[in-house]
Ligand code: NAD
Ligand code: MG
């Protein structure tokens, strides 16, 4: 029986994870569930999955959570606040932690799980972008292992040899190829992009996801974050990580070996396959996913990403090449810009502009520890808010809508 702490249970990844878990009641027990602000949804999940702990990150809703659990006669213990996320990630008898909080808000609990030696199912890519070296140092100290819950990285993991340990040379790996759908604006002109709305950005052609990652997919920042994620997860230098647009989202990524072999993982675009793989690893279990019928699919297309219309991809490569805290600055600026875009107060092309301006303005320096990263993250956010305000004409604080994706 694996005991699971699911951080970000009410989100898109959380929902897919619980769908897989519910199919295998003899295999998985839910130890903890967490949410940002959605008390009612969290209580409903507690009714179904009976965890030992429920955490609402927004401390102002602690009383509501306790009352909701009591109303249903549940003996789940109610906890609240960011510290409680770290607690359930590290200290409560779960052996497996699914890190599925969106954004920098998931960093501390992800590190706590790694430090505590848990099996870390990592969806929260922002954590590895902000703090890749810290995360791997924590994993080494804790003695746990990381299993990727991002479709591309999970595909690469499946195409790498067993026991691969961040050393491409030793495994004869030449290159990683990340596939990208291209997002909803793949064929839009620059003029159309200038008018793109949050609803259009969130209408992804192949995947149903949270709003933040949906916008990231539309700007290609998601692929940029994934390049950085692949660098840390697989020890691959930036210049040997390629991005290929593949509109059907059936080939989830590829690994090229020195002998010319190119291995790919294919499947329907459904995160339950990824979650089932990571939850059961090294075994295989049913995920409830529709089989991929290649005859029905008919064709697989590939094209180069348009780096001029989607500058976020190269901004991410540049941040990775710059090293130190630059990736943390990139992430912070992007989170601010996406939030204001989702609130309807920043144009779509200005997301990339705000990220570029912030990267240019903030002296990132090297990263040492979590306090230094949080300080850099806060500093980058202040600059990004200033840049956002300048471009949107709305004062930074008024432009922020804290509930945009919580
Ligand atoms: P989502 O917005 O659907 O869900 C986010 C979850 O985090 C929710 O449970 C929310 O309550 C919680 N949360 C939000 N703000 C919080 C805060 N400040 N403190 C604590 N909890 C907070 O997002 P998602 O699409 O499920 O994505 C989650 C993560 O997984 C992201 O990092 C994303 O990049 C990554 N990911 C998602 C997908 C996908 O298909 N959705 C695929 C690959 C990777
Ligand atoms: Mg992905």
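The values are calculated or read from the model by the stated rules, or taken from the named source; none is laboratory data. Note that this is a predicted model, so its numbers are computed, not measured. FYI the Cβ positions are ideal-geometry reconstructions off the backbone, even for glycines, and counts take in every protein chain you see.
Quick check on residue 245: is it buried (at least 19 other Cβ atoms within 10 Å of the Cβ) and touching a residue at least 40 places away in the same chain (Cβ under 8 Å)? Even if it seems obvious, please write down each step before you answer.
Numbers: buried (at least 19 other Cβ atoms within 10 Å of the Cβ): yes; touching a residue at least 40 places away in the same chain (Cβ under 8 Å): yes.
So residue 245 passes the test.
Of the residues 343, 389, 384, 360, which single one is farther than 29 Å from residue 177 by Cβ, in contact with a helix residue (DSSP H, G or I) (Cβ under 9 Å, 6 or more places away or on another chain) and without any contact (Cβ under 8 Å) to a residue 24 or more places away in the chain?
Step by step, each of 343, 389, 384, 360 is checked, and only 389 is farther than 29 Å from residue 177 by Cβ, in contact with a helix residue (DSSP H, G or I) (Cβ under 9 Å, 6 or more places away or on another chain) and without any contact (Cβ under 8 Å) to a residue 24 or more places away in the chain.
So, in segment 210-223, exactly how many residues are closer than 17 Å to residue 154 by Cα and either surrounded by fewer than 24 Cβ atoms within 10 Å (Cβ to Cβ) or more than 12 Å from ligand 1 (Cβ to nearest atom) (or both)?
The total comes to 0.
Restricting to segment 363-379, give me the number of residues that are touching a helix residue (DSSP H, G or I) at 6+ places or on another chain (Cβ under 9 Å), assigned to a helix (DSSP H, G or I) and more than 20 Å from residue 213 (Cα to Cα).
6
From (1) within 16 Å of ligand 1 (Cβ to nearest atom); (2) in a helix (DSSP H, G or I); (3) surrounded by fewer than 21 Cβ atoms within 10 Å (Cβ to Cβ), pick out the condition that doesn't hold for residue 314.
The number of the failed condition is (1).
Only one of (1) without any contact (Cβ under 8 Å) to a residue 40 or more places away in the chain; (2) more than 12 Å from ligand 2 (Cβ to nearest atom) is not met by residue 214, so which one is it?
(2)
Looking only at residues that are assigned to a helix (DSSP H, G or I) and within 13 Å of ligand 1 (Cβ to nearest atom) in segment 1-25, which one is surrounded by the most Cβ atoms within 10 Å (Cβ to Cβ)? Show your work before the answer.
Start the filter on segment 1-25 by keeping residues that are assigned to a helix (DSSP H, G or I), which leaves 12-22.
With within 13 Å of ligand 1 (Cβ to nearest atom) added as a condition, the list becomes 12-19.
Working: 12: 19, 13: 27, 14: 25, 15: 17, 16: 25, 17: 29, 18: 22, 19: 17.
Ranking the qualifying residues of segment 1-25, first place goes to 17.
State whether the residues of segment 199-209 include one that is within 16 Å of ligand 1 (Cβ to nearest atom), farther than 25 Å from residue 339 by Cα, modelled with pLDDT of 95 or more and in contact with a helix residue (DSSP H, G or I) (Cβ under 7 Å, 6 or more places away or on another chain).
To start, the set of residues in segment 199-209 that are within 16 Å of ligand 1 (Cβ to nearest atom) comprises 199, 201-209.
So of that shortlist, the ones also farther than 25 Å from residue 339 by Cα come out as none.
No, segment 199-209 has no match at all.
Only strands (runs of 3 or more DSSP E) wholly contained in segment 216-297 count here; list those with 1 or more residues that are modelled with pLDDT of 95 or more and closer than 24 Å to residue 130 by Cα. Reasoning before the result, please.
Numbers: elements: 241-245, 251-257, 262-266.
Ranges flagged: 241-245, 251-257.
Which of the residues that make up segment 146-161 are near ligand 2 (Cβ under 9 Å from one of its atoms) and out of contact with any strand residue (DSSP E or B) (no Cβ under 7 Å at 6 or more places or on another chain)?
If the condition is that a residue be near ligand 2 (Cβ under 9 Å from one of its atoms) and out of contact with any strand residue (DSSP E or B) (no Cβ under 7 Å at 6 or more places or on another chain), then 150, 153 are the ones that fit.
Where the second residue is within 16 Å of ligand 2 (Cβ to nearest atom) and outside any loop (DSSP other than H, G, I, E, B) and the first is closer than 18 Å to residue 82 by Cα and in contact (Cβ under 8 Å) with a residue 12 or more places away in the chain and lies in segment 36-53, which pairs have Cβ atoms under 8 Å and are six or more apart or on separate chains?
Final answer for the pair search is none.
Kindly check whether there is at least one residue in segment 182-197 that is surrounded by fewer than 21 Cβ atoms within 10 Å (Cβ to Cβ), touching a residue at least 24 places away in the same chain (Cβ under 8 Å) and not in a loop (DSSP other than H, G, I, E, B).
Yes.
Examine segment 117-138 for a residue that is in contact with a strand residue (DSSP E or B) (Cβ under 8 Å, 6 or more places away or on another chain), more than 16 Å from ligand 2 (Cβ to nearest atom), closer than 24 Å to residue 364 by Cβ and without any contact (Cβ under 8 Å) to a residue 60 or more places away in the chain, and state whether such a residue exists.
No.
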